[in-house]
2 protein chains.
Amino acid sequence: MAREMLRQGGRSARIQTAVHAATRDLLETIDRSAITVPMIAEKAGVPPSTIYRRWGDIGDLLADVALAHMRPIADPTDTGSMHSDIETFIIEYAEEMSSGVGREMLSDILGSSSGGAAQQCCHYTIHHLETLRDRAEQRGEAVFDIAAAMDKIVAPIVYHIMFRDREVTPDYCRALISDFLGKTAGR
Amino acid sequence: MAREMLRQGGRSARIQTAVHAATRDLLETIDRSAITVPMIAEKAGVPPSTIYRRWGDIGDLLADVALAHMRPIADPTDTGSMHSDIETFIIEYAEEMSSGVGREMLSDILGSSSGGAAQQCCHYTIHHLETLRDRAEQRGEAVFDIAAAMDKIVAPIVYHIMFRDREVTPDYCRALISDFLGKTAGR
DNA sequence: CACCTTAACGCAAATTATTAGCGTTAGTGA
DNA sequence: TCACTAACGCTAATAATTTGCGTTAAGGTG
């Protein structure tokens, strides 16, 4: 993961935006393994050395871009009940991460040398679950434990996506959620 | 992951052995991000072009080496009961994967382009669990479901190792196992 | 607002990694 | 033993990465 910018404004920020945009563009256009730093640099209108100096290598850059794409911009949908809130959020999450680009984003984040990107990515997921839990609490519903939800719902989904040992279908997600919330607690 | 060799014996096999050995050596000596193909080639006594032709890039080579290191050579220890068999195996697995080199191996395998290495790695774990289950069955103990064990024990452990969001301690592993096998089933 | 400090940049040269062509070696099966 | 060809070694060409150095401009200060 790229270090935090010491300078926030102006040129430095413009370059970050341009490089991120160029990278996202290329990720949609051509195969990820074919993307090179000079390629991104040309598209972004900066010299390659700027990218190397700022992001280190292409792995860290890809992790940074993936992380930026995962940064929560909106709260998960409010569907009226905790069970369906969780289902909606988790199924969408699983679908996004199961896709080709989703898997590549996860892979880039997990492969990043420092490990900061992975922690941050995990934190985003936890943050969303916290939102759902707080919402449930305000409704007067029984709350759930975030760490337990990570273990019993998120972890298996991510595991199967990364190891490709089974399809992560909406039905599979629903089963994990029902199992976690208690099978009797139908909605 | 490297494709299977079309030729099994002689020179081709010797080169594979030498390159793997050189790579493992370097992984223990210097930082993984500093390892280059020409470096490995020199240590192994082969020209770099041979490595590029056979393994594609350094990512695939590292994944191949990591996978070879994970290949089961012996069955997990027989401790006399299923619960402690699982505990012994899982705690050892978690400890190995939590270490610096373990995490890097997982990272290399998950980052490999084809995805075959990840599937294979997962298969090794399943194979070990099958051994434990069959052993329990022969003893007349109640058996367990492999897929469920992967979801409830292995997946959370691997998730936390990869995302670095919590320490994976032996106590944590024991809790996952007890929870899976039923809290009342103390040993 | 003008000035100072220095992080971050652009450029270009030097280094290093990767790819590709081509002749050679040595597994494998007849 | 021989024929066939996958896999190799060598080398030249190409591409990526690193590094030094002068320049630009962000952010702070008087």
Original post:
So how tilted is helix B:100-111 from the main axis of chain B? Cα-based, degrees 0 to 90, rounded to 10.
Top reply: 80 degrees
Subject >> Computed E for A:A175/A:Q138 - FRET, C-beta separation, R0 22 angstrom, nearest 0.05 >> reply: 0.20
Subject >> Inter-copy spacing of B:E96 label points, which lie 7 Å from Cα along Cα→Cβ, given in nm from shortest upward >> reply: 3.5
Subject >> the range B:76-121 - Debye-derived log10 I(q)/I(0), Cα point model, q = 0.17, 0.18 Å⁻¹ >> reply: -0.60, -0.65
Original post:
Cα gyration tensor of the protein assembly as shown, axes a ≥ b ≥ c as square roots of the eigenvalues: rounded (a/c below 1.5), prolate (a/b > b/c) or oblate?
Top reply: oblate
Subject >> Lysine-lysine proximity count for the protein assembly as shown, Cα under 26 Å, sequence distance 8 or more or distinct chains >> reply: 6
Subject >> Order of A:E87, B:E92, B:E28 under a 10 Å beta carbon neighbour criterion, fewest first >> reply: B:E28, B:E92, A:E87
Original post:
To the nearest 20 debye, what charge dipole does the range B:10-69 have about its Cα centre, counting +1 at the Cβ of each Lys and Arg and -1 at the Cβ of each Asp and Glu?
Top reply: 280 debye
Subject >> Electrostatic dipole magnitude of chain A [Cβ: Lys, Arg +1; Asp, Glu -1; Cα centre; debye, to 20] >> reply: 620 debye
Subject >> Net charge of Cβ neighbours under 14 Å - reference A:V46; Lys, Arg +1; Asp, Glu -1 >> reply: +4
Original post:
To the nearest Å, what is the center-to-center distance of the range B:120-187 and the range A:42-94, using C-alpha atoms only?
Top reply: 31 Å
Original post:
Once label points are set 7 Å from the Cα along Cα→Cβ at both A:D57 and A:E130, what is their separation, rounded to one decimal in nm?
Top reply: 3.4 nm
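Grab the beta carbon distance between A:K43 and B:I30, set R0 = 41 Å, and tell me the FRET efficiency rounded to 0.05.
With R0 = 41 Å, the Cβ-Cβ based efficiency is 0.75.
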**OP:** When a/c is below 1.5 the answer is rounded, else prolate if a/b is larger than b/c, else oblate, so apply that to the range B:10-69 with a ≥ b ≥ c taken from the square roots of the Cα gyration tensor eigenvalues.
**Re:** rounded
**OP:** Specify whether the C-alpha gyration tensor of chain B places it in the rounded, prolate or oblate class, a ≥ b ≥ c being the square roots of the eigenvalues: rounded for a/c under 1.5, otherwise prolate if a/b is larger than b/c and oblate if not.
**Re:** prolate
Original post:
About its Cα centre, how strong a charge dipole does the protein assembly as shown have in debye, to the nearest 20, once Lys and Arg get +1 and Asp and Glu get -1 at the Cβ?
Top reply: 1040 debye
Subject >> Sum of side-chain charges, A:A21 neighbourhood, beta-carbon under 12 Å (Lys, Arg +1; Asp, Glu -1) >> reply: +1
Subject >> Extension gain from A:H123 to A:Q8, taking 0.36 nm per residue of separation minus the Cα-Cα distance >> reply: 39.1 nm
Subject >> Residue exposure sequence - B:T50, B:T23 - by fewest surrounding Cβ within 10 Å >> reply: B:T50, B:T23
Original post:
If packing is taken as the mean number of other Cβ atoms within 10 Å per residue, what is the order of B:98-106, A:166-174, highest first?
Top reply: B:98-106, A:166-174
**OP:** May I ask you to sort A:L26, A:L110 by Cβ crowding, counting other Cβ atoms within 10 Å and putting the fewest first?
**Re:** A:L26, A:L110
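Just so you know, all these numbers are worked out from the coordinates, no wet-lab data involved. Source: prediction; values computed, not measured. Note: ideal-geometry Cβ built from the backbone for every residue, glycine included; neighbour counts use all protein chains shown.
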